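The values are calculated or read from the model by the stated rules, or taken from the named source; none is laboratory data. Everything numeric in this text was worked out from a predicted model, so none of it was measured. Quick reminder, even Gly has a Cβ in these numbers, built from the backbone with ideal geometry, and neighbours come from all protein chains shown.
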Amino acid sequence: MASTGRSQPDRCPGVLSVHQAADGGLARVRLPGGVLSPEQLRVLATASAELGDGNLELTSRGNIQIRALKAPEELSDRLYDAGLLPSITHERVRNILASPLSGLDGSYAVQPLVAELDRALCASPRLAELPGRFLFTLDDGRGDLAAVGADVGVRVVGGQLALLLAGVDSGVRLAPAEAPQVMLRAAEAFLEERDGEWRLGELADGVARVLSRLGYSRSVGQMAGELAEGQPVRAGVYGPELLVATVPLGSLGPEQAAVLAEAEHLRVTPWRSVVVVGGDVDRLQQTGLVVDGESPWTRVTACAGKPGCGKALADVRRDARRVTPTLQPGRRPVHWSGCERRCGQPAGDFVDVLALTDGYSVDGSEAVTAEQSVMRMR
Ligand code: SF4
């Protein structure tokens, strides 16, 4: 693969590096492993009500954004006090996804490894230089994160962890105890080898170069197996105390946040949903959260669009909200974009609904109205 060295550092927003959007400041709060305590959710919801537009936006990496932010310093003080900003130097590089149901449904619990990886990441001055897009994943073996394409990841295979580099099995097998350190050494190796690239997959021969720096020969790749791709966790009730609730279009309103914060335990997923332990199904549904895995809301996402984004050609969320209830059953996710950047698009195949100056194209079609677009979303 040809190198795609970048001439600019990435500009991924954080809490301390707020992006100026058309509707004001935009702060992104990293949640390694999606972990968010009910008390921390209350802090975020109150902060958005008092300093932002009142909503919390769930991202495709399981983070939370506050839009229309008026007082960034006040926000960072509150998040620091709530334990949501444990590192000033590393906040933008704490990009760690983990299988959201890990350890809650009888599966292998990767969360202790997430915590250890996060601690060690923040303790490494060198790794503060990672691009804001560099992603770590820890997959409990079900393959739900396979489509995400981590730069450095591990996946449970048998009693070991397969080391994934640029989204593919490297052939290296690790004991759980050594996994966090090896993952961080792989990230350091990427920093040594890169020439401005943001992602390992952009670096020519990147996997082999990282393996070499880790001391593995190219022949280690012969151990690599075909790891099946699993499905994202769907909305639904998974046990007496365990459910997954989809947040329509990833926009969590104040009332929804308040009811979620009554639960015992929460994890934000990368699919605009929340794993809830000890929540009240009826109360969650009454606020508009979706627990029915067959609901059309579970397969529809949208970028910010107008008026939040200055590049948008349409208010995609308004239009998606209007027509989603009429969406026919289908398998492919649907993503609405206000322009060709397609921010927040799902991993893998999806129905591409793109705003044009005179309507929407669906998978490259001619312009149609939002209502007509629904007929093409199969
Ligand atoms: S896809 Fe375009 S319109 Fe939508 S948020 Fe990204 S830049 Fe803005």
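Structure above, values below:
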| read-out | value |
| --- | --- |
| The one condition in (1) more than 17 Å from the chain's Cα centre (by Cα); (2) more than 12 Å from the ligand (Cβ to nearest atom); (3) surrounded by fewer than 17 Cβ atoms within 10 Å (Cβ to Cβ) that Leu289 fails to fulfil | (3) |
| Subset of the range 351-378 [in contact with a Phe, Trp or Tyr (Cβ under 9 Å, 6 or more places away or on another chain), of a type outside the set (Phe, Trp, Tyr), within 15 Å of the ligand (Cβ to nearest atom) and touching a residue at least 24 places away in the same chain (Cβ under 8 Å)] | Val353, Ala355 |
| Residue check for Arg332: within 16 Å of the ligand (Cβ to nearest atom), under 21 Å from Arg142 (Cα atoms) and among the basic types (Lys, Arg) | no |
| Where Arg322 falls short, out of the listed (1) among the charged types (D, E, K, R); (2) over 27 Å from Gly33 (Cα atoms); (3) within 16 Å of the ligand (Cβ to nearest atom) | (3) |
| Test: Leu161 is part of a strand (DSSP E or B), over 26 Å from Asp10 (Cβ atoms), in contact with a strand residue (DSSP E or B) (Cβ under 7 Å, 6 or more places away or on another chain) and among the hydrophobic types (A, V, I, L, M, F, W, C) | yes |
| Which listed residue is within 22 Å of Gly158 (Cβ to Cβ), charged (D, E, K, R) and in the same structural domain as Ala187 (by TED's automatic domain parsing), from Glu129, Glu116 | Glu116 |
| Those residues of the range 155-177 which are among the β-branched types (Val, Ile, Thr) and touching an Asp or Glu at 6+ places or on another chain (Cβ under 7 Å), in sequence order | Val156 |
| Criterion (under 22 Å from Pro13 (Cβ atoms), at pLDDT 95 or above, part of a helix (DSSP H, G or I) and not acidic (Asp, Glu)) met by exactly one of Ala115, Ala49 | Ala49 |
| Residue identified as at positive phi and within 16 Å of the ligand (Cβ to nearest atom) among Gly348, Gly305, Gly278 | Gly305 |
| Those residues of the range 308-319 which are among the aliphatic types (A, V, I, L, M), within 8 Å of the ligand (Cβ to nearest atom) and either surrounded by fewer than 21 Cβ atoms within 10 Å (Cβ to Cβ) or more than 11 Å from Ala21 (Cβ to Cβ) (or both), in sequence order | Leu313, Val316 |
| Among residues of the range 224-275, those that are closer than 16 Å to Ala347 by Cβ, in a strand (DSSP E or B) and not polar (S, T, N, Q), counted | 0 |
| Residue check for Ala109: modelled with pLDDT of 95 or more and assigned to a helix (DSSP H, G or I) | no |
| Subset tally (residues that are crowded, with 18+ Cβ neighbours inside 10 Å and assigned to a loop (DSSP other than H, G, I, E, B)) for the range 61-75 | 3 |
| Filter result (in contact with a strand residue (DSSP E or B) (Cβ under 6 Å, 6 or more places away or on another chain), in a loop (DSSP other than H, G, I, E, B) and under 20 Å from Met377 (Cα atoms)) within the range 276-312 | Gly293, Cys303 |
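Residues checked against (1) within 22 Å of the chain's Cα centre (by Cα); (2) assigned to a loop (DSSP other than H, G, I, E, B); (3) over 17 Å from Arg272 (Cβ atoms); (4) of a type outside the set (S, T, N, Q):
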position: Ala314; (1), (2), (3), (4): no, yes, yes, yes
position: Arg322; (1), (2), (3), (4): no, no, yes, yes
position: Trp336; (1), (2), (3), (4): yes, no, no, yes
position: Arg342; (1), (2), (3), (4): yes, yes, no, yes
position: Pro346; (1), (2), (3), (4): yes, yes, no, yes
position: Asp349; (1), (2), (3), (4): yes, yes, yes, yes
position: Ala355; (1), (2), (3), (4): no, no, yes, yes
position: Met375; (1), (2), (3), (4): no, no, yes, yes
